[in-house]
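Worksheet: the structure to be examined is printed underneath.
The values are calculated or read from the model by the stated rules, or taken from the named source; none is laboratory data. It should be emphasised that the depicted structure is a prediction, and the values quoted were computed from it without experimental measurement. Virtual Cβ from ideal backbone geometry, glycine too; neighbours counted across all protein chains shown.
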Amino acid sequence: MKYLLSSVYLATFLAVSGAEHEHDHHADQMPLDYVKYPLEPLYHTSAGEVTADAIFSGITTFAKLPWVQCLTKEKGELFDIAFIGAPFDTGTSYRPGARFGPAGIRTGSRRLTLYGGYNVPLESNPFQSGLKIVDCGDIPVTPYDNKVAIKQIEEGHKALLHRETYSPLGNDSVTGQTLMPLSIDGKHHPRVITLGGDHTIVLPLLRSIYSAYGPISVIHFDSHLDTWKPSVFGGAPSDVAAINHGTYFYWASQEGLIKNGSSIASASCLNTHPHGAIRTTLSGLEDYDNDDDAGFKRIEAREIDVIGTDGIIKKIRETVGDAPVYLSIDIDSIDPAFAPATGTPETGGWSTREIRTILRGLDGLHLVGADIVEVAPAYDTNAELTTIAAADVLFEVLTVMTKTPLGKVQGSQ
Ligand SMILES: [Mn+2]
C-alpha cells in the first residue's frame, strides 16, 4: 500500500499548491499496485517465504485496481479513468438482482491482471498506458425510491466526471499538435466506466454525460430496444414506473440527452446510435418507428451469420462516424449460453468471442464513457461465466479507451 499512500499525498499536495502535475512516475502508478504479479507479492512471512497476495486473495476491486474513495474522503484524488458501481435494480421487468452486479463483476475481473494485462490483438496494455486508473467503489443507491436513486446515480457520476484529470490531454501522436478536449465546456474530463445495475441507470448517466458533452451519440449493445414508450413498457401506473430498464432511452431522447433521429424516409443518415445484437420480440412494428425517432439504427443479432463480425463493426462505425460516443453494454447482448445471469435473457445472441472482437473493432473511436449493465450474479453458474464475461468485455473497452486520447487537433471535426 506504500505507493497508494504516497499518491494520495502527492495529489493533495498538488491540489493545494496548484502546481502542474508531473508524470514522470507513471510507471509506478500502474494499477497493479499491491498485486503486481502473483509471484511478486509484498508480504513475506517471518521465514522469508512469500505469500501470494494476489488474484484470489485480498480485497477485490475491478482488476485489482487501487481502491479510491472518490465520493467521500478522497474527493481530491485525481484519476484518468474510474470504475464506479451503481447497484440499482428496481427498474427491472423480469428477474431482479443486478444490484449485486458491481460486486459480481469485480469478482469476475480478479484474474485480468494475472499475467500483466497485455491485450494481444490490440497490441496494448491498458494497465501500463500511463493513465491513472482506479476503482472508486459504488455510488450509494437507495433500493426504496427510484426517483431518489436515479438522482443519486446522476450526482455520483457527475462528481467523478467533473473532476480534473490526473494526466494532461497531451499531443496528437501523429502531428504532435496539442489536443483540444471534445467536451462542450472546453475541459478535459476523466472517463468513467460504470458497473450496473439494471439498464435504467443509463438515464442518469446520460444526464451526467450531457453536462459535459451535450447531446451525444450512443453505441448500444443489447438484445432489447430500450426505447419503448412508457405506455407500452410498464409505465402506466405512475411517473416513477414510467422510467425503467425498457424506457430509459425514450426519456434520454425526449430530454435531448442523445442526438435525435427521424423515422422519416431518407433521413436515416440522421440516426447516429447503433444498437447491436437486437433480437427482442415487439409489441408490434411500431416499436421500430419509435426506435427510429430516438435516433437508433438497429443491427440485429442474426446479421452476424451473414456479414460476420467485420460487417457488424463496419455498420457501427459508419453509423457513429467520428463523433464522441458513449458506450452502453447490456450483458444480455451476449447469448445466455455464455452469460446466463441477467434479468431478461434472450437466446440467439452473440458469443463472448464475437462481442469481444466487435468491441476491439471500436479501436480509435472517442469513447467518452461506458457501462455494462444487467449482470445479476444470483443466476450465474458456479463457474462465474457471466461475471467473467462482463469483466473481459470491459477489458476490451478499457484497452480501446486507453489507446485513444479524448481530444482532437484544432480545426478537425
Ligand atoms: Mn437493456
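For residue 393, only one of the following conditions fails: (1) in a strand (DSSP E or B); (2) in contact with a helix residue (DSSP H, G or I) (Cβ under 8 Å, 6 or more places away or on another chain). What is its number?
(1)
Taking the residues in the range 33-66 that are at pLDDT 85 or above and assigned to a loop (DSSP other than H, G, I, E, B) as candidates, determine which candidate is surrounded by the most Cβ atoms within 10 Å (Cβ to Cβ).
Here the answer is 65.
Would it be correct to say that residue 330 is modelled with pLDDT of 95 or more and over 21 Å from residue 102 (Cβ atoms)?
On the way: modelled with pLDDT of 95 or more: yes; over 21 Å from residue 102 (Cβ atoms): no.
Spelling it out, it is not the case that residue 330 is modelled with pLDDT of 95 or more and over 21 Å from residue 102 (Cβ atoms).
Identify, please: which residue in the range 294-322 is aliphatic (A, V, I, L, M) and crowded, with 16+ Cβ neighbours inside 10 Å and is, among those, nearest to residue 182 (Cα to Cα)? Break it down into steps so the answer makes sense when it comes.
Step one: filter the range 294-322 for residues aliphatic (A, V, I, L, M), giving 294, 299, 301, 304, 306-307, 312-313, 316, 320.
Then drop every residue that is not crowded, with 16+ Cβ neighbours inside 10 Å, which leaves 294, 299, 301, 304, 312-313, 316, 320.
On the way: 294: 23, 299: 27, 301: 31, 304: 32, 312: 26, 313: 23, 316: 20, 320: 15 Å.
This residue is 320.
Please specify each residue of the range 338-351 satisfying the condition of being touching an Asp or Glu at 6+ places or on another chain (Cβ under 9 Å) and surrounded by fewer than 19 Cβ atoms within 10 Å (Cβ to Cβ).
Here is the first cut: in the range 338-351, the residues touching an Asp or Glu at 6+ places or on another chain (Cβ under 9 Å) are 339-351.
Hits for the range 338-351 are 340, 347, 348, 351.
With respect to residue 402, is the statement that it is over 22 Å from residue 101 (Cβ atoms), touching a His at 6+ places or on another chain (Cβ under 8 Å) and of a type in the set (Val, Ile, Thr) true?
Numbers: over 22 Å from residue 101 (Cβ atoms): yes; touching a His at 6+ places or on another chain (Cβ under 8 Å): no; of a type in the set (Val, Ile, Thr): yes.
So residue 402 does not fit the description; no.
Is there any pair linking a residue in the range 339-352 that is within 19 Å of residue 384 (Cβ to Cβ) and modelled with pLDDT of 95 or more to one that is of a type in the set (Ser, Thr, Tyr) and within 14 Å of the ligand (Cβ to nearest atom), with Cβ under 9 Å and at least six apart or on different chains, and which?
So the pair list comes out as 339/333; 343/92; 343/93; 343/94; 345/94; 345/223; 349/223; 349/333.
For the range 284-376, which helices (runs of 4 or more DSSP H) that fit wholly inside it have 1 or more residues that are among the β-branched types (Val, Ile, Thr), over 30 Å from residue 212 (Cα atoms) and more than 16 Å from the ligand (Cβ to nearest atom)? Spell out how you get there, then give the answer.
Working: elements: 286-293, 304-320, 352-360.
Here the list reads 304-320, 352-360.
For the range 214-242: of the residues being in contact (Cβ under 8 Å) with a residue 24 or more places away in the chain and among the aliphatic types (A, V, I, L, M), which is nearest to the ligand (Cβ to nearest atom)?
Among those residues, the one meeting the criterion is 225.
Could you tell me how many of the residues in the range 177-197 are in contact with a Phe, Trp or Tyr (Cβ under 6 Å, 6 or more places away or on another chain) and within 16 Å of the ligand (Cβ to nearest atom)?
Residues that pass the stated criteria total 1.
Condition check ((1) touching a strand residue (DSSP E or B) at 6+ places or on another chain (Cβ under 9 Å); (2) closer than 30 Å to residue 405 by Cβ; (3) hydroxyl-bearing (Ser, Thr, Tyr)) across all residues:
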{"residue": "286", "(1), (2), (3)": "no, no, no"}
{"residue": "297", "(1), (2), (3)": "yes, yes, no"}
{"residue": "304", "(1), (2), (3)": "yes, no, no"}
{"residue": "310", "(1), (2), (3)": "no, yes, no"}
{"residue": "318", "(1), (2), (3)": "yes, yes, no"}
{"residue": "324", "(1), (2), (3)": "yes, yes, no"}
{"residue": "327", "(1), (2), (3)": "yes, yes, no"}
{"residue": "333", "(1), (2), (3)": "yes, yes, yes"}
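Looking at (1) under 18 Å from the mean Cα position of the chain (by Cα); (2) surrounded by fewer than 16 Cβ atoms within 10 Å (Cβ to Cβ), which one does residue 69 not meet, given that it meets all the others?
(1)
Checking residue 200 against (1) touching a strand residue (DSSP E or B) at 6+ places or on another chain (Cβ under 7 Å); (2) within 15 Å of the ligand (Cβ to nearest atom): exactly one of these is not met. Which one?
Condition (1) is where residue 200 drops out.
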